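I am attaching a structure below and will ask some questions about it afterwards.
The values are calculated or read from the model by the stated rules, or taken from the named source; none is laboratory data. Note that the coordinates shown come from a computational prediction; the quantities given were computed from them, not determined experimentally. Please note: Cβ atoms are built from the backbone with ideal geometry, for glycine as well, and neighbour counts cover all protein chains shown. Areas reflect the complete protein model, heavy atoms only, side chains present, ligands, DNA and RNA absent. Shrake-Rupley method; radii C 1.70, N 1.55, O 1.52, S 1.80 Å.
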Amino acid sequence: MSIKVVYFPFPGRVEPVRLALTLGGIDFEDERIPFEQWGSMKEGVAPKQLPLMHIGDKVIGQSAALMRYAASISKFEGRPLYPTDDALLALQVDEFVDYVSEMFGPLGASFKIEDQAEKEAFRAKSVAEGGDIHKWLSYVDSLLGKSKSGFAVGDHLTIADIAAFCWYQPLKSGFLDGIPVTCLDEFKNIEAHKQKIANIPAVKAYYSEPKMPIYKTYQ
């Protein structure tokens with residue numbers, strides 16, 4: 001069955017989907033829509049938003065659902081990226097992913113601020129101590145600090161690791177005005193986790209030739 005992932009040409013919320021399918025050896029078409037084309041295409045897309053995944057003749061939206069599906073059909077080194085046969089472990093994976101995704105609330109809100117100075121101040125406050133993004137970074141850092149394996153959940157790579165790896169790196173890319181590239185420096189467990197995932201040979205190979213500058217933080 002053919003699979004096509006449709007999103008914009010940057011990581012965003014769909015990057016864990018792309019990486020999970022890649023690590024699982026699942027063939028898929030990675031369609032990246034330029035921003036200047038999206039305006040004319042938007043009206044022809046039922047939910048009027050991306051990402052979308054074409055699976056055969058079905059079209060599915062919502063990044064969290066797509067991520068679980070991609071991880072459910074993907075295995076890495078013989079082990080599933082989403083533990084469909086272990087309800088408790090799956091719950092723990094979902095919990096970790098949801099904690100990581102808490103940053104999207106304040107980050108998403110910042111894109112709606114039209115005044116540039118106000119936008120940058122809002123973002124800077126969010127990642128500073130006491131800010132909403134900083135709060136969740138601190139909590140995820142503490143969870144990773146309790147891991148004996150170095151992985152987010154259990155003793156092998158799961159979509160929880162992939163989500164954290166993919167979603168946190170853009171914060172220090174310099175592409176989000178107002179967020180300093182040093183914003184993750186204090187979170188030693190997040191940084192150690194990033195290095196652990198980035199050094200997996202298959203991950204390193206995938207990001208060896210960045211598709212655009214923002215991807216350099218994934219190396």
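I need a count of the residues in segment 49-58 that are surrounded by 11 or more Cβ atoms within 10 Å (Cβ to Cβ) and in a loop (DSSP other than H, G, I, E, B).
3
Of the residues that make up segment 127-147, is at least one modelled with pLDDT of 95 or more, open to solvent by less than 30 Å² (accessible area, probe 1.4 Å) and under 30 Å from residue 28 (Cβ atoms)?
yes
Against the definition (assigned to a helix (DSSP H, G or I), under 18 Å from the mean Cα position of the chain (by Cα) and among the hydrophobic types (A, V, I, L, M, F, W, C)), how does residue 107 come out, yes or no?
For residue 107, the condition - assigned to a helix (DSSP H, G or I), under 18 Å from the mean Cα position of the chain (by Cα) and among the hydrophobic types (A, V, I, L, M, F, W, C) - is met.
Check segment 60-74 and report whether any residue there is open to solvent by less than 30 Å² (accessible area, probe 1.4 Å), under 19 Å from residue 167 (Cβ atoms) and aromatic (Phe, Trp, Tyr). Steps first, please.
The initial filter retains those residues of segment 60-74 that are open to solvent by less than 30 Å² (accessible area, probe 1.4 Å), namely 61, 63, 66-67, 70-71, 74.
Next cut, under 19 Å from residue 167 (Cβ atoms) only: 61, 63, 66-67, 70-71, 74.
Checking the rest, the ones that are also aromatic (Phe, Trp, Tyr) come to none.
Looking through segment 60-74, none of the residues is open to solvent by less than 30 Å² (accessible area, probe 1.4 Å), under 19 Å from residue 167 (Cβ atoms) and aromatic (Phe, Trp, Tyr).
Which one of 155, 161 is free of Cβ contacts under 8 Å to residues at least 40 places away in the same chain, within 27 Å of residue 78 (Cα to Cα) and not in a helix (DSSP H, G or I)?
155
Sticking with this structure for a sec: Suppose we keep only residues that are among the polar types (S, T, N, Q) and surrounded by 13 or more Cβ atoms within 10 Å (Cβ to Cβ) within segment 109-126. Which one would you say is farthest from residue 171 (Cα to Cα)?
The extreme case among them is 110.
Name every residue in segment 166-207 that is assigned to a loop (DSSP other than H, G, I, E, B), open to solvent by less than 30 Å² (accessible area, probe 1.4 Å) and aromatic (Phe, Trp, Tyr), in order of residue number.
187, 207
Of all residues in segment 78-91, which are in a helix (DSSP H, G or I) and either without any contact (Cβ under 8 Å) to a residue 24 or more places away in the chain or within 17 Å of the chain's Cα centre (by Cα) (or both)?
Of everything in segment 78-91, those that are in a helix (DSSP H, G or I) and either without any contact (Cβ under 8 Å) to a residue 24 or more places away in the chain or within 17 Å of the chain's Cα centre (by Cα) (or both) turn out to be 87, 88, 90, 91.
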